[in-house]
Every structure is written in structure tokens, then in C-alpha cells.
Amino acid sequence: MEYEGQICRPPMERASYMLPVAVGCSYNACTFCTLFKHLTYRKLPQEQIEAELQRVSAAGGNPESVFLGDGNAFGLSMEELRWILGKIRQYFPGCKGVNMDATVTNISQKSDQELRELYELGVRRLYLGIESGLDDVLRFMKKDHTLAQAYEQIGRMQQAGLIFCAHMMTGIAGKGRGLENGQATAEFFNRTKPERVINFSIFHHRRAPLYRDIEAGRYVPADEQENLREERRFLECLDVEGLVYDGFHDVIELRVRGKLPADREKMLRKVDDAIQIWEQRPSELKIFR
């Protein structure tokens, strides 16, 4: 597989075959993100996409699940998506579903009829970067949506049969707002009922535009202790039957995974153990270079 840039896909898609259809992110304005800032967004030529499908098929590949890369493949036009989905059916007759990252704006640009058509063509899961349940945080981080817009567009995609999965970030609201953000984000998901939630607890990099806000004092990051307490509040308030959760931390070695409601207490105990350890240590904030 030819791939330009850093491979980024949800951990729950690790068994899916990843098919690159674009390079970078067509939005690429979130201030916390460094994944695509060094890339110039472009769509890959159809010849390159089909050659990759031919290569895998000729090697005996016939995956049940395909994940389209890169940053927000759902932003491609209907014409482009129809062609790609048709080629996937042609080369992988055993494929049961095609998943990809999307933004709230991407969904708003598709009509109800187009959303239903994409479902009929095999699209199943859309992963949306929701990040926070607080409007002012979304605005500060230059996300492409408000909460009201997210509620509307998630409702539209679900009406079409598409499955909502979410990315979020503990710590994104900054110092002193962790518990508030944890509760607000849980309330958002309690209403929208995602199938999966992936929490990439925010990490701060000097190459991110957000670092300029940190230097200027416009944004004060939370330390890892507060991020852990936020994650606990989030899990405590989350009430979505069958939701699968996977939480990562970049500064400390901690990964919290489980399914609600069966694994809630197990996940809370794991976070509590980490809180007990980290509250005995000096407050730490790590800036990556």
C-alpha cells in the first residue's frame, strides 16, 4: 500500500483493510491537530485507487470491512464515492461494510437521499471528531461545527441507517474545566447514542497552532491528573446501552477499554487506580516537540 503521511485510523478498525483515497484532511483547521498540517490535501487518482484494489484482490484479498483514508474521506463528492464504492464491490465481493472518518460539515453537504444511497452502496460507520460537549471549546479549537449542528447532522445520518461513532479528547477544555467537559460530553453522547467512542486524551505539541495560544496565555492546559478525573466523570455519566469505549493517554501508560453497562465498574476502577497513583506525584504537563 502506498501511503503518504502518518497513518491514522480508529483502533476499532484495525481488522479492516485500509484503502487510501485522499492525502491529508480537506478541513485541516483544528488548532490542536498536527496530523495533517504538513500535507497539502489532494484526492488520489482513480487509477491509483483501482491499482491498489487490483493488487490486493490478485493476492487473494477479499476483506469483509474496508476503511477509507485519509482525514475525512466522507468529504469526497457523491460521484467520487459512488465510483470508489462500486470498485470495492467489484474487487471485494465479500465486503460487508465500508467505514471512514467524516466531519459534521461533510454530512450537511449530502442530501437525505444521498445519505440513504451511500448506505445502500455499503457505507456503514462514520467516525466524527466531536472532541467536546461544550460549544465555546469547539469554537476556540476551530472545530467545523456547533453542538446544535452536530445534533442535527448526526440525526440525519442515523435516519439514513448510518452508524455514528465518535472521537473525543479529555483535556481539551483546558485547566479547571475537566469535570464540566466530561459531564457535558457524556450528555451529548447520551442523546446521540454512538456505537463507539474513542478518547485520544489531548497531547500538546509545539507544532500545533494551539501552542501559540499556550504561549500567549489564551489557553492553559490541564495536567494529566485532571484529565484522569475528567475521564472518570465522563464514564460515570455515560449511559448508552452497548457503547464500546476505548481511551488512550499519551503522557502516561494507561488504556481504558470496555462496553457499557457491563464493564463500567471495571473501567472506573482502572481510572481510580491511576488517579490514586498520579495524585501522589507533582503536577505534570508535557509538551511534545
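Computed from the coordinates by the stated procedures, all read-outs in this text should not be read as laboratory data. Quick caveat: nothing in here was measured; it's all calculated off a predicted structure. Methodologically, a virtual Cβ is constructed for each residue, glycine included, from the backbone with ideal geometry; neighbour enumeration extends over all protein chains shown.
Brief remarks on what is shown
- Of all lysines in the structure, those lying under 20 Å Cα to Cα from LYS43, and not within fewer than 8 positions of it along the same chain, are LYS87, LYS110.
- Between 0 and 90°, nearest 10: helix 264-278 axis offset from the chain longest Cα axis: 50 degrees
- As a proxy for reagent exposure, ranking TRP278, TRP83 by other Cβ atoms within 10 Å from fewest up yields TRP83, TRP278.
- Where labels lie 7 Å past Cα in the beta-carbon direction, separation of GLU152 and GLU279 in nm: 4.3 nm
- Put a dot 7 Å past the Cα of GLN159, heading toward its Cβ, do the same for ALA29, and the two dots end up 2.6 nm apart.
- Principal-axis tilt of helix 178-192 within the chain, Cα atoms, nearest 10 degrees: 30 degrees
- Relative exposure of CYS25, CYS237, judged by other C-beta atoms within 10 Å (fewest first): CYS237, CYS25
- GNM result for the chain, Cα springs below 10 Å: residue of ASP136, ASP223, ASP101 fluctuating most strongly: ASP136
- Separation between Cα centres of the range 10-47 and the range 71-139, rounded to whole Å: 13 Å
- Using the Cβ-Cβ distance between SER111 and ASP239 with R0 = 25 Å, the FRET efficiency computed as 1/(1 + (r/R0)^6) comes to roughly 0.15.
- Rounded to the nearest Hz, the phi-derived 3J(HN,Hα) couplings of the range 88-103 under the Karplus curve 6.51 cos²θ - 1.76 cosθ + 1.60 (θ = phi - 60°) are 4, 5, 5, 8, 10, x, x, 5, 9, x, 10, 10, 6, 7, 8, 10, where x marks glycine and proline.
- Cross-link table LYS96/LYS266; LYS96/LYS270; LYS37/LYS143; LYS193/LYS259; LYS96/LYS142, entries beyond 23 Å C-alpha to C-alpha: LYS96/LYS266; LYS96/LYS270; LYS96/LYS142
- On full extension, the segment bounded by ASP263 and GLU80 gains 61.8 nm, given 0.36 nm per residue less the C-alpha separation.
- Lysines with Cα under 17 Å of LYS175, excluding same-chain neighbours fewer than 8 positions away: LYS286
- Percent antiparallel among DSSP beta bridges (both partners in the chain, rounded to 5): 20 percent
- Modelled FRET efficiency - R0 51 Å, LYS193 with GLU47, Cβ distances, 0.05 increments: 0.80
- 5 angstrom amide H check on GLY97, placed H, neighbours 5+ away: VAL66
- Ordering of 212-218, 124-130 by packing [mean C-beta count within 10 Å, highest first]: 124-130, 212-218
- Gaussian network model of the chain, springs between alpha carbon atoms under 10 Å - residue of ARG14, ARG229, ARG156 with greatest fluctuation: ARG14
- Among the cysteines of the chain, CYS8, CYS25, CYS95, CYS165, CYS237 have no other cysteine beta carbon within less than 4.7 Å of their own.
- Residue exposure proxy: MET267, MET157, MET78, ordered by other Cβ atoms within 10 angstrom of their Cβ from fewest to most, comes out as MET78, MET267, MET157.
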